[in-house]
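Below is one structure, written out as C-alpha cells; comments come after it.
The values are calculated or read from the model by the stated rules, or taken from the named source; none is laboratory data. Small disclaimer: the values here were computed from a predicted structure and weren't measured. No Cβ is skipped: glycine too gets one built from the backbone with ideal geometry, and neighbour counts run over all protein chains shown. In case anyone asks, the SASA skips ligands and DNA or RNA and just uses the protein heavy atoms, side chains included. Shrake-Rupley method; radii C 1.70, N 1.55, O 1.52, S 1.80 Å.
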Amino acid sequence: MTGYDTLETRSADERAADQLKALNAQLALNGRDPAASLGDLAKLPVLRKSDLVAAQKAKPPFGGLPVSNLAHVFQSPGPIYEPGGVGHDWWRVGRFLHAAGIGRGDIVQNCFGYHLTPAGMIFENGARAVGAAVLPAGTGQTDLQVRAAVDIGTTAYAGTPDYLKVILDRAEEMGERPKIAKAAVGGGALFPSLRAEYADRGIACLQCYATADLGNIAYESAAMEGMIVDEGVIVEIVRPGTGDPVPEGEVGEVVVTTLNPDYPLIRFATGDLSAVMPGASPCGRTNLRIKGWMGRADQTTKIKGMFVRPEQVAEFVARHAEIARARVVATREGEMDAMTVMVETEAGDAAAFEKSVIDTLKLRGRIQLVPRGSLPNDGKVIEDQRQYE
C-alpha cells in the first residue's frame with residue numbers, strides 16, 4: 001500500500017504522543033488546561049449541536065470559538081455556521097480520495113452541493129489535495145451532468161451514494177457511456193446492493209463519514225473492512241446522553257475532537273451511533289476503525305405527553321452502582337402509552353428503583369430486571385415500539 005502520508009502507518013504509541021501534543025495545542029486555543037493523557041478528554045464537557053446554535057446566537061457567527069484563517073462561511077440546518085479554509089486538505093478529504101484511488105489524471109464530477117452548505121467545497125478541497133481536476137457539477141440538471149461527463153471524460157464521481165445511479169441510468173437512456181470508474185460517496189447510506197450494482201458497471205465505490213463541522217471523520221479503504229478514523233481527529237464512542245466512553249465494541253455516540261487549529265472543536269457530539277472495531281485494517285493503515293453509521297444517538301421520545309431523553313436515562317443509571325445499563329421501551333396498551341424500564345442488574349427488587357425512575361424520567365413505568373449483558377448492543381437507551389401506521 002502506498003499511503004497518503006506516513007501518519008497512516010504510525011505505531012499506536014507514536015500516534016497517541018502526537019495526538020496529545022496536538023490536543024493540548026487545541027485546549028490552549030480554547031483557554032483550557034493541558035491534558036496529561038488522551039484519557040483526560042473524557043473529563044471535559046461534550047459540545048452538542050444545540051449548544052453550538054445557542055452560542056452562535058449569543059456570539060455570532062461562530063459562538064466565540066477561536067476561528068482563524070477564515071476563507072468561507074457556510075450555513076447548515078439549525079442554523080449552524082461553519083468556517084471554511086483553503087489550506088492544503090483543510091477538511092482532510094484528500095486522504096479518503098487517495099484511499100479511493102483518485103489522484104492526478106482524474107477529473108472528479110463533484111455532485112455535492114455548493115450553495116450555502118459546505119459539502120461541495122469540502123470535496124473540491126480534497127480533490128485539489130490529491131492533484132485531481134474538478135467539474136463543479138453540484139446537484140440536479142441530470143441531462144447536463146451526463147453531457148458533461150461524456151464530453152469532458154470525467155473519471156471519478158463524488159456525491160451522495162444514490163445520485164450516481166441517477167446519472168448512469170439517464171446516460172443509458174440517452175445512449176451515452178460515461179467513463180466514470182471510481183466513486184467517493186458520503187452524506188447518506190451506501191447500501192450493499194447499490195455498491196454491488198456499481199461494481200457490476202465497472203465502478204469501485206468507497207464511502208466516507210464526514211460532517212460540515214468536522215470534515216472527514218473516518219473513511220473506507222479498498223479493504224472495505226470498517227471505516228478507518230482520520231489522522232486529524234480524535235474519536236470517542238460514548239454512552240448516549242453522557243460523555244462517558246463505552247468499552248471497545250459497544251455501540252455508542254460518536255464524539256469527535258478535531259486537531260485543525262483553524263477551528264478547534266473539542267468533544268463535538270455528532271449525534272451518530274457507531275462502535276470501535278478490534279484490530280487494524282488489512283490495508284496496512286494502523287489507526288482505529290469504527291463500524292460506520294449505525295443510527296442516531298438522539299433518541300428523545302414523547303411518552304404519555306412527556307419527552308424522555310437519553311441523558312435522563314443516563315442520570316437514572318448513575319444513581320445506582322448496581323445498574324450496568326438501562327433501556328426505556330415505549331409501547332401501546334390499548335389506546336394508552338406504556339413505558340417499561342429494562343434494567344441490567346444483579347439486584348432482585350424492582351421496587352427499589354421506582355422512586356429513581358419517577359425522579360429522573362418524570363413518569364411511572366413498569367420496571368423489568370434483566371441479567372447483565374442481555375440488552376442488545378445497538379446503542380439504544382430509548383426504544384419506541386409503537387406503531388404509527
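What to note about this one:
Condition check ((1) over 13 Å from the mean Cα position of the chain (by Cα); (2) under 20 Å from Met121 (Cβ atoms); (3) not acidic (Asp, Glu)) across all residues:
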residue: Val233; (1), (2), (3): no, yes, yes
residue: Ile237; (1), (2), (3): no, no, yes
residue: Pro247; (1), (2), (3): yes, no, yes
residue: Asn260; (1), (2), (3): yes, yes, yes
residue: Ile266; (1), (2), (3): yes, no, yes
residue: Ala275; (1), (2), (3): no, no, yes
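- Just one of (1) in a loop (DSSP other than H, G, I, E, B); (2) free of Cβ contacts under 8 Å to residues at least 12 places away in the same chain fails for Leu363. It is (2).
- The condition of being small (Gly, Ala, Ser), within 21 Å of Gly188 (Cα to Cα) and in contact with a helix residue (DSSP H, G or I) (Cβ under 8 Å, 6 or more places away or on another chain) holds for Ala158.
- For Gly241, the requirement of being buried (at least 18 other Cβ atoms within 10 Å of the Cβ) and either assigned to a helix (DSSP H, G or I) or at pLDDT below 95 (or both) is met.
- Flag if Val313 is crowded, with 18+ Cβ neighbours inside 10 Å, in contact with an Asp or Glu (Cβ under 6 Å, 6 or more places away or on another chain) and touching a residue at least 40 places away in the same chain (Cβ under 8 Å): no
- Within region 127-138, the set of residues being out of contact with any strand residue (DSSP E or B) (no Cβ under 8 Å at 6 or more places or on another chain) and in a helix (DSSP H, G or I) comprises just one member, Ala129.
- When the test is whether a residue is in contact with a Leu (Cβ under 9 Å, 6 or more places away or on another chain), aliphatic (A, V, I, L, M) and open to solvent by less than 60 Å² (accessible area, probe 1.4 Å), Ala330 does not pass it.
- Ala321 vs. criteria in contact with a Ser or Thr (Cβ under 7 Å, 6 or more places away or on another chain) and farther than 30 Å from Thr211 by Cβ: no
- Of all residue pairs spaced 6 or more apart or on separate chains, none has beta-carbon atoms under 6 Å together with a first member in region 58-75 that is within 16 Å of Pro118 (Cα to Cα) and charged (D, E, K, R) and a second member that is at pLDDT 95 or above and assigned to a loop (DSSP other than H, G, I, E, B).
Residues are listed down the side, and each one gets a yes or a no for (1) closer than 14 Å to Asn110 by Cβ; (2) touching a residue at least 40 places away in the same chain (Cβ under 8 Å); (3) not in a helix (DSSP H, G or I):
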| site | (1), (2), (3) |
| --- | --- |
| Gly140 | yes, no, yes |
| Asp143 | no, no, no |
| Val150 | no, no, no |
| Pro161 | no, yes, yes |
| Leu164 | yes, yes, no |
| Ile167 | yes, yes, no |
| Gly175 | no, no, yes |
| Gly187 | yes, yes, yes |
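- In region 187-212, the residues that are open to solvent by less than 30 Å² (accessible area, probe 1.4 Å) and touching a helix residue (DSSP H, G or I) at 6+ places or on another chain (Cβ under 8 Å): Leu194, Tyr198, Ile203, Cys205, Leu206, Cys208, Ala212
- Selection from region 323-345 of residues that are over 23 Å from Val251 (Cβ atoms) and either modelled with pLDDT of 95 or more or hydrophobic (A, V, I, L, M, F, W, C) (or both): Met336, Ala338
- In region 254-288, the residues that are at pLDDT 95 or above, of a type in the set (D, E, K, R) and closer than 29 Å to Val53 by Cβ: Asp262, Arg267
- Region 337-353, subset open to solvent by 30 Å² or more (accessible area, probe 1.4 Å) and touching a Lys or Arg at 6+ places or on another chain (Cβ under 8 Å), residue nearest to Thr242 (Cα to Cα): Met342
- A single member of Ala148, Ala181 is of a type outside the set (Phe, Trp, Tyr), closer than 16 Å to Ala133 by Cβ and open to solvent by 30 Å² or more (accessible area, probe 1.4 Å), and it is Ala181.
- Selection from region 279-303 of residues that are open to solvent by 40 Å² or more (accessible area, probe 1.4 Å) and more than 17 Å from Asp378 (Cα to Cα): Gly279, Ala280, Pro282, Thr286, Leu288, Lys302
- Considering residues of region 12-26 that are closer than 22 Å to Gly63 by Cα and more than 22 Å from the chain's Cα centre (by Cα) only, the residue surrounded by the fewest Cβ atoms within 10 Å (Cβ to Cβ): Ala25
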